[in-house]
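No lab work stands behind these numbers, since they all come straight from the coordinates. It should be emphasised that the depicted structure is a prediction, and the values quoted were computed from it without experimental measurement. FYI the Cβ positions are ideal-geometry reconstructions off the backbone, even for glycines, and counts take in every protein chain you see.
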Amino acid sequence: MIFNPIDMDSWSRKPYFEHYLNNVRCTYSMTANIDITELLSVVKGEKIKLYPTLIHMITTVVNRHREFRTCYDSEGRLGYWDSMSPSFTVFHDDDKTFSSIWTVYDEEFNGFYNRYLDDMNRFGSVKQFAAKANEPANCFPISSIPWVSFTGFNLNVYNDGTYLLPIFTIGKYHAHDGKIMLPLSGQFHHAVCDGYHVGVLFNELQLRADTCMEWLSIN
């Protein structure tokens, strides 16, 4: 993983970053329904797990845009990672707790899926907040609330408003007008991305779902 420091003096976003970090520190959330009718059909037909499929889909789109890979590193430098990997929650049904596991991203779905299955086999039953230790710095969080088809979801992160990476929450899919819709919420920092960038992200997620036959396969 490579961290690329940003040269503030040549960064076109500098005035927006400074305004939304220093003058009006601002984060925001957006929730949209993703049509997963085709995706769910393929997943069931191929006997693939839906959760890692969605995690891979989200991570793929995040990695296409520098805005969603921008953050501070451990030395306090502002920059962006060349690639991000997902850190995701798993639920323990017996005691209703959850744990966090991370899996190294692979653009090729089959490689990522096999890594996910291996991580779940090794750490899925470990009842600790961080079930898999040594999470790398280039991870961003994804969680799931599969019991509620929410129409909005907001997180309040109390770290002085300097957490810049996106946070995604997946809801319960439901039928609507003959389609299967999946609520997906994202938490974003206005210092690094605007509504336009988030709109592009959600539109690309929908396109990714619509064209799942092109990338969704396992060996």
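For the peptides 112-120, 24-32, residues were scored by their other Cβ atoms within 10 Å and the scores averaged per peptide; the highest-first order is 112-120, 24-32. By the Cα gyration tensor, segment 1-120 has an equivalent ellipsoid whose semi-axes, rounded to whole angstrom, run 32, 17, 16 from largest to smallest. When the Cα convex hull of segment 102-193 is projected onto planes of every orientation, the mean area is 8.5 nm².
As a quick test, which of the pairs LYS44/LYS179; LYS96/LYS179; LYS47/LYS127; LYS132/LYS172; LYS96/LYS127 have an alpha carbon distance above 21 angstrom in this structure? Correct reply: LYS96/LYS179; LYS47/LYS127; LYS132/LYS172.
Could the peptides 134-141, 84-91 be put in order, highest first, of the mean number of other beta-carbon atoms found within 10 Å of their residues?
Numbers: 134-141: 15.5, 84-91: 20.4.
Answer by packing, highest mean first, reads 84-91, 134-141.
Each Lys and Arg adds +1 at its Cβ and each Asp and Glu adds -1 at its Cβ; summed about the Cα centre, the chain shows a dipole of about 360 debye.
Averaging the Cα positions of each part gives two centres, and for segment 131-157 and segment 39-54 these lie 20 Å apart.
If you take the alpha carbon atoms of the chain and fit the smallest convex hull around them, that volume is 137 Å³ per residue. May I ask you to list the aspartates and glutamates whose Cα is less than 19 Å away from that of LYS49, ignoring any residue fewer than eight positions away on the same chain? Answer for LYS49, where 19 Å is the Cα cut-off: ASP35, GLU38, ASP93, ASP106, GLU107, GLU108, ASP118, ASP119, ASP210, GLU214, listed by chain and number.
Spin-label pair ASN159-VAL200: with each label point 7 Å from Cα along the Cα-Cβ axis, the two points sit 2.4 nm from one another. Is the C-alpha gyration tensor of segment 102-148 telling us rounded, prolate or oblate? Criteria: a/c under 1.5 is rounded; beyond that, a/b larger than b/c is prolate, otherwise oblate. Since a/c stays below 1.5, the shape of segment 102-148 is classed as rounded. Sum up the charges of everything whose Cβ sits under 12 Å from the Cβ of VAL192, counting Lys and Arg as +1 and Asp and Glu as -1, but leave VAL192 out. That sum, taken over residues with Cβ under 12 Å, equals +1. Taking every C-alpha pair closer than 8 Å and separated by at least 6 residues, the mean separation divided by the residue count of segment 94-187 gives a relative contact order of 23 percent.
The GluC sites (Glu not before Pro) of segment 32-116 that meet both conditions, a loop assignment by DSSP and at most 13 other Cβ atoms within 10 Å of the site Cβ, are GLU75, GLU107, GLU108.
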